[in-house]
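Quick note: the coordinates plus some simple rules give every number you see, no bench work behind them. Remember, it's a predicted structure, so these values are computed and weren't measured experimentally. Note that each Cβ is placed from the backbone with ideal geometry, even for glycine, and that neighbours are counted across all protein chains shown.
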Protein chains: 2
Amino acid sequence: MTAILVSEVGPRDGLQSIDRVMPLTAKQAWIAAEAASGVREIEVGSFVPPALLPQMADTAALVEFALTIPGLNVVALVPNAKGAALAAAAGVHAMSVPFSMSETHSLRNVRKDHPVMLAEIAEIARIAKAAGSHFAVGLSTAFGCTIEGAVPEAQVVRLAVAAAEAGAQEFSLSDTTGYADPAQVRRLIRAVRAEVGDLLTTLHLHNTRGLGLANALAGLDEGITTLDASLGGLGGCPFAPGASGNLVTEDLVLMLNAMGYDTGIDLAALLEVRKIVAEALPDEPLYGFTPDAGPMLDYAERAAR
Amino acid sequence: MTAILVSEVGPRDGLQSIDRVMPLTAKQAWIAAEAASGVREIEVGSFVPPALLPQMADTAALVEFALTIPGLNVVALVPNAKGAALAAAAGVHAMSVPFSMSETHSLRNVRKDHPVMLAEIAEIARIAKAAGSHFAVGLSTAFGCTIEGAVPEAQVVRLAVAAAEAGAQEFSLSDTTGYADPAQVRRLIRAVRAEVGDLLTTLHLHNTRGLGLANALAGLDEGITTLDASLGGLGGCPFAPGASGNLVTEDLVLMLNAMGYDTGIDLAALLEVRKIVAEALPDEPLYGFTPDAGPMLDYAERAAR
């Protein structure tokens, strides 16, 4: 069985998108329960100024907690070198930096054009290396931008190469705006892989137009080994107008397990984790089909056919 | 561009699943508007006893209306030879017969075991041939049954071969229960094609667990050329407990058009058709992501990248 890493980004991407601040104890319960269900990687938060995103103010404490969970890969988002220094001090296993392929989106989101972002990435790479942290770059708006429109594939490839030269150890392609279709997913993976090879491991998909799982399938066919997802589909990108809805972890795990991929995740246990999130965020809609429909046939039974 | 036929089954599969009877004029408006948006095939109803499904009582009148629309392939479901005779009299272009791969489901649904159903299929084939109608068989519960559980792939292949020998001119694989996953879709298509070849053209998918479009993509990769779908995801199978939610036509067309398949369908015009259905069925939830999120980038712009 091929192993696929499901990387839970809800505590970061989900919680940063909503106004309500989830208490630290609830976040800890969520992370502990999801790790216990078999999820092996969680992006627990973001090292951004608390004044900007109060929802992420407890990220250092969360990292400290998550590091006590055996076998869990603890990731935090860092928008810049300052955040990277905080992440290094907290001892994260990996830092992830969003690098917007749309320069307009980059300017709007972090007030940096591409050359400035590349310099920042080089600086973050130095900090991560010194701290012994893994360093991944998320190529956001890679499939199009709500502000700029189409983002040329050649531009994504060029910027990925530049980021690799600046020290990025791993890449994800992010469909920040829900514009990706499966043909485009395949094309862009091939184009980027032609230049940076296996450094491209990950897809970060949204389900804005319901194509999330189809795009995931396209990525799996191209050899993608890590898929980001968010419990209950919480989140999206708050700075990309019209974007909504991460890939739902529960539905993704259902599909992967049914297909015979080794995720290591117990779907029934994962579904129980929703209760923690629903209780802590009573006003927040949680998405997904599997929670209502229930699992399919027993997987052992399926495999026996 | 590869042409893909999107076959709208909402007026049959959608409307038979709900209690409210849609007035004939509303059905006509729906069919006319959807054909005008570019949909080239519509299953307009079912020739079943009106006492059993009053929602389908006007099928002959609908066929008569639909036959006046140039270029539209007019399909009706027939559960048995009696229905086929009515369909032949109405002059349908094609009849479709559901043939449940789960014998328990077949007995529960139409009170016929497999040998009796095969005899019925042979009789329907004679009626269709005499009338000059095309005759398709839908291999329902092909991916599993909520009553029986797993349905062995060898059984699906064997029954497809028997139905072909009985005169079936075309096959669809139906995920009546929302159990299919993309790996299974690929496997089953290959297995059935190995015996009946290109007679297998179609997938009829449900979105019960959100895997509908991923399963459609798996089918496209295997050379499937027709995909059933229902406007707003109306319907499902009323006799399969727990089954719900057809593939949403709007989301399917969005995906196909974005991928560069030639559907001939204008998505903006298709989205307008929802208003007709929503007005006629004010209490019925309509599904789909595209209606809320809107189309993606302009397709011409996408193609230019």
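Nearest to the axis that maps chain A onto chain B: list the chain A residue whose Cβ wins, with the distance in whole angstrom.
A:214, 2
Among B:208, B:253, B:105, pick out the residue whose Cα is farthest towards the positive end of the charge dipole of the range B:5-304, where Lys and Arg carry +1 and Asp and Glu carry -1 on C-beta, about the Cα centre.
B:105
Would you mind checking which residues have amide H under 5 Å from residue A:73's amide H? H placed 1.01 Å from N; only 5 or more apart, or other chain.
Answer set, sorted by chain and number: A:41, A:42.
Starting at 0 and stepping by 20 Å, how many percent of the alpha carbon pairs of the protein assembly as shown end up in each bin?
Percent of Cα pairs in each bin: 20, 50, 25, 5, 0.
Classify the range A:87-130 from the C-alpha gyration tensor, please: rounded if a/c falls under 1.5, else prolate or oblate depending on whether a/b exceeds b/c. If you can, show how the numbers build up before the last one.
On the way: a/c = 3.09, a/b = 2.10, b/c = 1.47.
Here the range A:87-130 falls in the prolate category.
Under a 5 Å amide H to amide H cut-off, with H placed in plane at 1.01 Å, what residues pair with residue A:145 once short-range neighbours are removed?
A:150, A:151
Under the convention of a label 7 Å out along Cα→Cβ, give the distances in nm from residue A:126 to the same position in every other copy, shortest first.
The projected label point of residue A:126 is separated from its counterparts by 8.7 nm.
Taking the Cα centre as origin and putting +1 on Lys and Arg beta-carbons and -1 on Asp and Glu beta-carbons, what dipole magnitude results for the protein assembly as shown, to the nearest 20 debye? If you can, show how the numbers build up before the last one.
Values: 40 positive and 68 negative charges, 73 e Å.
Magnitude of the dipole: close to 360 debye.
Tally Lys/Arg at +1 and Asp/Glu at -1 over every other residue whose Cβ is under 12 Å from the Cβ of residue B:136; what's the total? Working shown, then result.
Numbers: positive: none; negative: B:41, B:43, B:170, B:228.
Every neighbour counted, the sum reads -4.
Using a simple spin-label model with points 7 Å from Cα along the Cα→Cβ vector, what separation in nm is obtained for residue B:161 and residue A:18?
5.4 nm
Can you find, among A:65, A:154, A:235, the residue sitting farthest towards the positive end of the charge dipole of the range A:5-303, where Lys and Arg contribute +1 and Asp and Glu -1 at Cβ?
The residue sitting most towards the positive pole is A:154.
If you find the alpha carbon centre of the range B:75-104 and of the range A:106-140, how far apart are they in angstrom?
Computed from Cα coordinates, the inter-centre distance equals 62 Å.
If you take all C-alpha pairs in the range B:190-283, what percent of them are over 16 Å apart? Spell out each step's value before the answer.
Working: 2628 of 4371 pairs.
Percent of Cα pairs beyond 16 Å in the range B:190-283: 60.
Which one of B:88, B:21, B:49 has its Cα pushed farthest toward the positive end of the charge dipole of the range B:1-120, where Lys and Arg give +1 and Asp and Glu give -1 at the Cβ?
Final value for the positive-end residue is B:49.
Please compute the average number of Cβ atoms from other chains found within 10 Å of each residue's Cβ in peptide A:247-254.
Per residue, the average neighbour count from other chains is 2.
Could you work out the Rg to Rh ratio of the range B:1-70, with Rh taken as the Kirkwood radius (inverse of the mean 1/r over all Cα pairs)? Can you show the working numbers first?
Values: Rg = 12.4 Å, Rh = 12.5 Å.
Dividing the radius of gyration by the Kirkwood radius yields 0.99.
Give me the dipole magnitude in Debye, nearest 20, for the range A:5-303 about the Cα centre, with unit charges on the beta carbon: positive for Lys and Arg, negative for Asp and Glu. All intermediate terms of the calculation are to be shown ahead of the outcome.
Working: 19 positive and 34 negative charges, 139 e Å.
My answer is approximately 660 debye.
Net charge within 9 Å of residue A:204 by Cβ-Cβ distance, Lys/Arg positive one each and Asp/Glu negative one each, not counting residue A:204 itself? Before the final figure, lay out each step's value.
On the way: positive: none; negative: A:13, A:175, A:228.
That sum, taken over residues with Cβ under 9 Å, equals -3.
So what is the orientation-averaged projected area of the range A:5-303, using the convex hull of its C-alpha atoms, in nm²?
Computing the convex hull of the Cα atoms and averaging its projections yields 13.8 nm².
What is the Cα radius of gyration of the range B:111-228 over 2.2 N^0.38 Å, N being its residue count?
On the way: Rg = 13.9 Å, N = 118, 2.2 N^0.38 = 13.5 Å.
Dividing the Cα Rg of the range B:111-228 by 2.2 N^0.38 Å gives 1.03.
So, by mean Cβ neighbours within 10 angstrom, what's the order for B:186-194, A:19-27, A:159-167, A:75-83 with the highest one leading? Before the final figure, lay out each step's value.
Values: B:186-194: 17.1, A:19-27: 14.7, A:159-167: 19.1, A:75-83: 22.4.
Highest-to-lowest ranking by the protection proxy: A:75-83, A:159-167, B:186-194, A:19-27.
List the residues, sorted by chain then number, that are 5 or more residues from residue A:170 or on another chain and whose placed amide H is less than 5 Å from its amide H.
Residues meeting the criterion, in which the H sits 1.01 Å from N, are A:137.
Put the label 7 Å from Cα along Cα→Cβ for residue B:187; what are its distances to the other copies, in nanometres, shortest first?
Taking the point 7 Å beyond Cα along Cα→Cβ, the inter-copy spacings are 3.3 nm.
Per residue of A:140-151, what is the mean number of Cβ atoms on other protein chains within 10 angstrom of that residue's Cβ? Could you put the intermediate results ahead of the total?
Values: counts 0, 0, 0, 3, 5, 1, 2, 0, 0, 5, 8, 2.
Other-chain Cβ atoms within 10 Å of each residue's Cβ, averaged: 2.
What percent does the relative contact order of chain A come to when contacts are Cα pairs within less than 8 Å and at least six residues apart? Show your work: numbers first, answer last.
Working: 630 pairs, mean separation 61.2, N = 305.
Reported as a whole number, the value is 20 percent.
Please give the average number of partner chain Cβ atoms lying within 10 Å of the Cβ of each residue in B:212-219, rounded to a whole number.
Going residue by residue through B:212-219 and averaging, the value is 6.
If you count the DSSP beta bridges with both ends in the protein assembly as shown, what percent of them are antiparallel, to the nearest 5?
Numbers: 4 of 72 bridges.
Close to 5 percent.
Which distances, shortest first and in nm, link residue A:20 to the matching position in the other copies, using label points set 7 Å out along Cα to C-beta?
Distances between equivalent label points, in nm: 3.2.
Do the sum for chain A: with -39,500 (n - 2.57) for every DSSP H run of n ≥ 4, divided by all residues, what is the mean residue ellipticity at 222 nm, to the nearest 500 deg cm²/dmol?
The helix-only estimate for chain A comes to -12500 deg cm²/dmol at 222 nm.
I'd like the distance between the alpha-carbon centres of the range A:8-74 and the range B:181-241, rounded to an integer number of Å.
Using only Cα atoms, the two centres lie 38 Å from each other.
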